[in-house]
Amino acid sequence: METILPILAGAIFASGVYLLLRQSVILTIIGIILISNAVNLALFSLGRITTENPPLIASGSVIPELPFANPLPQALILTAIVIGFGLLAFALALAYRSYKELGTVDQDTMLKDAEDTSSAIVTDSENNEKRNA
Amino acid sequence: MNGLLVLPIAIPLVVATLALLFRRSSVMQRWIGVAGMLVLLVSVAILFRDVYVDGIQVLQLGNWQAPFGITLVADLLSMLMLAISAIMGLIIAVYSIYDIDKERERYGYYPLLHILLMGVNGSFLTGDIFNMYVWFEVMLIASFILLALGNSKNQLQGALKYVIINLFSSLLFLFGVAMLYGMTGTLNMADLAMRLPEVENTGLVTTVAMIFMVSFGVKAAIFPLFFWLPASYHTPPVAISAVFGGLLTKVGVYALIRVFTLLFTQDIGYTHTILLWVAGFTMVTGVLGAASHFEFRKILSFHIVSQIGYMIMGLAFNTALGLMGAIFYVLHNILAKSNLFLISGIAQRLTGTFELKQMGGLYKHYPILATLFLISAFALAGFPPLSGFWAKLSLVKAGLSIEAYVITAVAILVGLLTLFSMTKIWMTAFWAAVPEIGVPDHFGKMPLFGAGNLYIMVVPVMVVAGLIILVGFYAQPLLEVCLDAAEQLLNPSVYIEAVLGPQ
């Protein structure tokens, strides 16, 4: 297992990078998802992944019975998965919204710089409304 | 143990929650937003005194002793960064009262701003590398939403680029953390600093150092990883641009300074040489990019990149003088750069555009605004006696003292080119005649003070300009604090002892 997992993580990372470089935004985000999983796998493979004692300290002793499974990488992965989940959900929502707004998922056309950058700014009439409100 | 250390993280969280409770009342949100920043500033000031007088302050969260628990550490570098971010937070919160529209306020602008600051402060304070990853993510998600809030087309375009590149860099960061843990079995940065030199496979340590350089480099926008920045920072409202331009990239710089002074000092000849090359290219490409653009905020965005180069240069020198210059440069740059963004917002209010070619006559009609611009722009270019001069002087001196003549020459040349694009803005937006078409009716009639409430935007800008002048004339005390901070960085045993106890 300890040799297979890193190889697997590397392969997934590579496919993620390939997808990241594709034109469609959706594929790019799927690429990010794959890379995120590859990184989690790499983290996972750092803990001992053989069958070992649970990391519980018996009463009267100060360390768990050796050899014990390292629980820390798994705690890290859990944190990373939760964070990754939130961020990716946001990225997908953003991609969907951009598709609605820009009418395409092709990055060459959708990410071309707009000429007028002032449109993100509210106009002064809107601001007057705000002042009066 | 100093319980105050938790305040810079807890206050923004409490304030954001409070502001969310008053979601329907934008007036309440504004008051809570500004008051929260004020409280944060006071708490940081108290903490600053503690660190300045008593040395590095440490808090072991949950009373789990290091290296087992999460540690918060405040050394002088952290405190300087916290102080400047609290000051900018307050300035931006006040500026936002007028700049941010009702719609964005209703969708939680102030809570997001505070969550962003919570992430920034957390990254400055944490002494645990995985915890730093978590704070980066807190900061990122808030910045994602702030960037996309409003849903205009070019905001979405900017946000997509920003989100994807930042997600990728975070994953690299996480991978680097995983490798570090695999090599040393610890995540506490002080403990890591002790155990990394014992790792036999030094090649692997250097590889991990490079992973961190790329990951933080994306966030700090160094060459060749900066392309997302000028493509996204000019899209949101000015107040948000100013926070991003002032603070977010500097968090990346802070992280670079932290790991390349504390953790990765085994192979300085290799890693810091790469940093030096990167610094040179960052300075030059950034400033050339700025020279080729004619949109106010795009020019400023490219200058962010160029200025990052100076900070990385100071770090790459790895001497007390160089680091002092880098830290001072960060502080000065946050003031000057954010202020220029804020001024661009006022100019847009008056002329209705960010395009330099459609602007003009600002000097004739608004001499006060012109003066404020001149102060900030000259500070950025490094004119004496403003803050930028001392920042550049100490870096140049640091470069000459270790006989790095080429990079020092590049730094001075880039300073000149910075002046060139600042004069470009000055010549077109301020000195040129008022354009014949496309000028809004209120141009020239809308006063900066009095009717129109524009003063809400002008006063914060004046305060920052005042700070720039103050730092310029009384640079010595601040330079001394920066030097102390640099010496703390170069002597990691102090940091390690503060966290882990006497060895």
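The values are calculated or read from the model by the stated rules, or taken from the named source; none is laboratory data. Computed from a predicted structure; not experimentally measured. So basically every Cβ, Gly included, is an ideal-geometry build from the backbone, and we count neighbours across all protein chains shown. Calculation scope for accessible area: heavy atoms of the full protein, side chains included, ligands and nucleic acids excluded. Shrake-Rupley method; radii C 1.70, N 1.55, O 1.52, S 1.80 Å.
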**Message:** Not counting ligands, DNA or RNA, and with a 1.4 Å probe, what is B:S25's accessible surface area in Å² rounded to the nearest 10?
**Reply:** 40
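Can you pull the mean other chain C-beta count within 10 Å for peptide A:96-105? Numbers along the way, then the final one.
Working: counts 0, 5, 8, 1, 2, 6, 5, 0, 0, 0.
Rounded to a whole number, the mean comes out at 3.
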**Request:** Report, as a whole number in µm² per second, the diffusion coefficient that Stokes-Einstein gives for the range B:102-177 at 25 °C and 0.890 mPa s using the Kirkwood radius over alpha carbon pairs.
**Result:** 187
**Asked** For chain B, what is the accessible area per residue in Å², given a 1.4 Å probe and the full set of protein chains?
**Response** 33
**Item:** Per-residue SASA entry for B:L13, accessible area with 1.4 Å probe, Å² rounded to 10
**Value:** 80
**Request:** Give the Cα extents of the range B:222-275 along the principal axes, in whole Å, largest first.
**Result:** 44, 20, 9
**Message:** From the gyration tensor of the Cα coordinates in the range B:1-127, what semi-axes in whole Å does the equivalent ellipsoid have, largest first, with each one equal to sqrt(5λ)?
**Reply:** 29, 15, 10
**Item:** the protein assembly as shown - percent of accessible surface contributed by carbon and sulfur, probe 1.4 Å
**Value:** 68
**Prompt:** Ballpark to the nearest 100 Å², how much total accessible area do B and A bury together, probe 1.4 Å?
**Reply:** 4400
**Message:** Tell me whether the range B:394-475 comes out rounded, prolate or oblate; compute the Cα gyration tensor, take square roots of the eigenvalues as a ≥ b ≥ c, and use a/c under 1.5 as the rounded threshold.
**Reply:** oblate
**Item:** Other protein chain Cβ atoms within 10 Å, averaged over every residue that makes up B:146-159
**Value:** 5
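Short version: what are the Cα gyration tensor semi-axes of the range B:278-428, square root of 5 times each eigenvalue, largest first, in whole Å?
Values: eigenvalues 170, 43, 26 Å².
One finds semi-axes of 29, 15, 11 Å for the range B:278-428.
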**Message:** Sort B:234-245, B:347-358 by the packing proxy (mean of other Cβ within 10 Å over each peptide's residues), most packed first.
**Reply:** B:234-245, B:347-358
**Fill in**
The lysines whose Cα lies under 18 Å from the Cα of B:K102, excluding any fewer than 8 residues away in the same chain, are A:K130
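Show me the ranking of peptides B:40-53, B:82-95, B:116-129 by mean Cβ neighbours inside 10 Å, starting with the highest. Walk me through the intermediate numbers first.
Working: B:40-53: 17.1, B:82-95: 24.4, B:116-129: 26.4.
Ranking the peptides B:40-53, B:82-95, B:116-129 by packing returns B:116-129, B:82-95, B:40-53.
In percent, how large is the relative contact order of the range B:144-245, given Cα pairs closer than 8 Å and 6 or more residues apart? If you can, show how the numbers build up before the last one.
Numbers: 84 pairs, mean separation 38.1, N = 102.
Relative contact order here is 37 percent.
Can you classify the protein assembly as shown as rounded, prolate or oblate using the Cα gyration tensor, where a ≥ b ≥ c are the square roots of its eigenvalues, rounded means a/c under 1.5, and otherwise it's prolate if a/b beats b/c and oblate if not?
Working: a/c = 1.64, a/b = 1.43, b/c = 1.15.
It is prolate, given that a/c is not under 1.5 and a/b is the larger ratio.
Of the listed peptides B:387-398, B:403-414, what is their order by residue-averaged count of other C-beta atoms within 10 Å, with the highest listed first? Provide the component values of the computation, followed by the final result.
Details: B:387-398: 23.8, B:403-414: 16.2.
Highest to lowest by the protection proxy: B:387-398, B:403-414.
Provide a whole-number value for the mean count of partner chain Cβ atoms within 10 Å of the Cβ atoms in peptide B:161-169. Show your work: numbers first, answer last.
On the way: counts 2, 1, 8, 10, 0, 2, 12, 8, 0.
Taking the mean over all residues of the peptide, I get 5.
Dividing the alpha-carbon Rg of chain B by 2.2 N^0.38 Å yields what?
0.93
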**Request:** Mind checking which lysines have their Cα closer than 30 Å to the Cα of B:K392? Skip sequence neighbours fewer than 8 apart in that chain.
**Result:** B:K219, B:K250, B:K298, B:K337, B:K424
**Message:** Largest first and in whole Å, what are the equivalent-ellipsoid semi-axes of the range A:1-106 based on the Cα gyration tensor, each being the root of 5 times an eigenvalue?
**Reply:** 39, 17, 5
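Over chain B, what is the relative contact order in whole percent, taking alpha-carbon pairs under 8 Å and six or more residues apart? Please report the intermediate quantities before stating the final value.
Working: 832 pairs, mean separation 78.9, N = 503.
Result for chain B is 16 percent.
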**Asked** Ordering B:R104, B:R195 by how much accessible area each has at a 1.4 Å probe, largest first, what is the list?
**Response** B:R195, B:R104
